[in-house]
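Q: Can you keep this structure in mind? I'll have questions shortly.
The values are calculated or read from the model by the stated rules, or taken from the named source; none is laboratory data. This one's a predicted model, so the numbers in the text were calculated from it and none came from an experiment. All Cβ positions, glycine included, derive from the backbone under ideal geometry; neighbour counts span all protein chains shown.
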Amino acid sequence: MTASADLIATADAHCAPTYDPLPVVAATAEGAWVTDVEGRRYLDLLAGYSALNFGHRNRRLLEAARAQLERVTLTSRAFLHDRFAAFCAELAELCGMEMVLPVNTGVEAVESAVKTARKWGYRVKGVPSEMAKIVVASGNFHGRTTTVISFSTDPEARADFGPYTPGFQIVPYGDLTAMREALTENTVAVLLEPIQGESGVIVPPEGYLPGVRELTRERNVLFVADEIQSGLGRTGRTFACEHEGVVPDMYVLGKALGGGIVPVSAVVSSAEVLGVFRPGEHGSTFGGNPLACAVALEVIAMLRTGEFQARAAELGARMHRTLAALPATGTVTAVRGRGLWAGVDVAPRLGTGRQAAERLMGRGVLAKESHGATVRLSPPLVIGETDLDWGLEQLAGVLGV
Ligand SMILES: *Cc1c(COP(=O)(O)O)cnc(C)c1O
């Protein structure tokens, strides 16, 4: 057996089969490139679903992590540490907000946002006890906990995990009329991805996000934007909401906030909203730990330069120019996306998205299918132009054009 076949067999035998990974066993990585245990090199056009926006082992981020490893790595929230205040203040400032609730993974931040919205609903809005409702969209992906899958519309994500958490109402994504009708005096929040990532990079119709903003403001409902995948540079702006001039009441952040090194996530909002908590009402042992804060502070500093957003906009325009030619070839039925982010629907006669991803792998490119026909592209924002062009040529090769 080859080294990778052996490692794949052992993983298959001992790891719960919740994933079906492409048969690539990474050994090292740098920038946009991954090298496997046999020394084969792959261009990474997935970038950890946007967790690696700054590339693998980004120098600045590694440096920040190394320096922090030499100082203090964990205090728990029982004590403060000297990176904590800066992390909270600078992340709030990047978001144009006031307060931060630091946690670790994306879904934990979504859970924290749900708890925050409910608490705000009862303590500030005056919703009767146990009556709070949160409106979400069909096709959403907000993570994998019991509560969060309770409002998923993906049967695979839900089946056999009930009983489900009540208090959520699902409306069609992009449908303002349905949203208007769903809001009642007990609605505390609307929770949306400004672009649905896992669903296949679905961009809502123009005017939808501003419409939701207007409705939620009128009805005293919190607009919670899950920017875990869409945020922090991916779309060419710091937040995807910015493309439509929308400022939500709350950002939910994760993935790239940890620089591809450690899990870091957060809820960011106003003092009125996050100030509803009192000590003991929510918490996390690892949330806001020194190593996480040190890495995230460097991520924030990098985003403040605007360099990465500009790069995503520029390379994204380049990528979308190339992809826009594909539908006319009959090999692709649709291309969607914004910035350096795309969902490409492969024509059924060419096989599934999964088969396309496998063929891409054979050509030295890593990408991932999402739901059936879609190949999702979210290259690291640091990818070189020629590498990006080469990766897109491999996609054309897979499609036979
Ligand atoms: C990835 C993702 C999550 C969940 O993040 P985890 O870190 O995997 O828990 C939630 N929302 C969106 C939009 C995501 O893309």
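Q: Among the residues of the stretch 102-123, is any small (Gly, Ala, Ser), more than 28 Å from Ala292 (Cβ to Cβ), crowded, with 20+ Cβ neighbours inside 10 Å and touching a Leu at 6+ places or on another chain (Cβ under 7 Å)?
A: No, that holds for no residue.
Q: Moving on to the next point. For the stretch 64-101, give me each residue that is within 16 Å of the ligand (Cβ to nearest atom) and more than 18 Å from Pro248 (Cα to Cα).
A: Across the stretch 64-101, there are no qualifying residues.
Q: Looking at the stretch 174-183, can you tell me whether even one residue there is within 14 Å of the ligand (Cβ to nearest atom), buried (at least 17 other Cβ atoms within 10 Å of the Cβ) and either over 27 Å from Ala47 (Cα atoms) or touching a residue at least 12 places away in the same chain (Cβ under 8 Å) (or both)?
A: no
Q: Can Arg123 be described as basic (Lys, Arg) and over 25 Å from the mean Cα position of the chain (by Cα)?
A: Judged against the criteria, Arg123 is a match.
Q: Now for a different question. Please count how many residues of the stretch 330-366 are surrounded by fewer than 16 Cβ atoms within 10 Å (Cβ to Cβ) and under 27 Å from Glu206 (Cα atoms).
A: So the count comes out to 3.
Q: Just for the stretch 209-257: of the residues that are polar (S, T, N, Q) and in a loop (DSSP other than H, G, I, E, B), which one is farthest from the ligand (Cβ to nearest atom)? Can you show your working first?
A: Taking the stretch 209-257 as the starting set, the residues that turn out to be polar (S, T, N, Q) are 216, 220, 229-230, 235, 238.
Adding the requirement that they be in a loop (DSSP other than H, G, I, E, B) leaves 220, 229-230, 235, 238.
Values: Asn220: 25, Gln229: 3, Ser230: 7, Thr235: 13, Thr238: 16 Å.
Result: Asn220.
Q: Sticking with this one: Please give the number of the condition Phe87 fails out of (1) out of contact with any Cys (no Cβ under 7 Å at 6 or more places or on another chain); (2) part of a helix (DSSP H, G or I); (3) not assigned by TED's automatic domain parsing to the domain that holds Leu377.
A: (1)
Q: Within the group Val295, Val276, which residue is outside any strand (DSSP E or B), in the same structural domain as Asp226 (by TED's automatic domain parsing) and within 30 Å of Tyr42 (Cα to Cα)?
A: Answer to the selection: Val295.
Q: Determine which member of the set Thr305, Thr285 is free of Cβ contacts under 8 Å to residues at least 24 places away in the same chain, surrounded by fewer than 20 Cβ atoms within 10 Å (Cβ to Cβ) and more than 14 Å from the ligand (Cβ to nearest atom).
A: Checking each option against the conditions leaves just Thr305.
Q: When the residues of the stretch 221-280 are narrowed to those that are among the basic types (Lys, Arg) and touching a residue at least 40 places away in the same chain (Cβ under 8 Å), which ends up farthest from Pro380 (Cα to Cα)?
A: If we take residues in the stretch 221-280 being among the basic types (Lys, Arg) and touching a residue at least 40 places away in the same chain (Cβ under 8 Å), then Arg237 is farthest from Pro380 (Cα to Cα).
Q: Then there's this: Scan the stretch 327-347 and give yes if some residue there is of a type in the set (A, V, I, L, M, F, W, C), part of a helix (DSSP H, G or I) and modelled with pLDDT of 95 or more, otherwise no.
A: Yes.
Q: Taking Leu80 as meeting all but one of (1) farther than 29 Å from Ile149 by Cα; (2) in a loop (DSSP other than H, G, I, E, B); (3) not assigned by TED's automatic domain parsing to the domain that holds Gly288, write down the number of the exception.
A: Exception for Leu80: condition (3).
Q: Which residues, taken from the stretch 1-34, are exposed (fewer than 15 other Cβ atoms within 10 Å of the Cβ) and either within 23 Å of the chain's Cα centre (by Cα) or among the β-branched types (Val, Ile, Thr) (or both)?
A: Thr2, Thr10, Pro17, Thr18, Tyr19, Asp20, Pro21, Ala26, Thr28, Glu30
Q: Test of understanding: among Phe168, Phe141, which residue is in the same structural domain as Val224 (by TED's automatic domain parsing), under 20 Å from Ser112 (Cα atoms), within 16 Å of the ligand (Cβ to nearest atom) and in contact (Cβ under 8 Å) with a residue 40 or more places away in the chain?
A: Answer to the check: Phe141.
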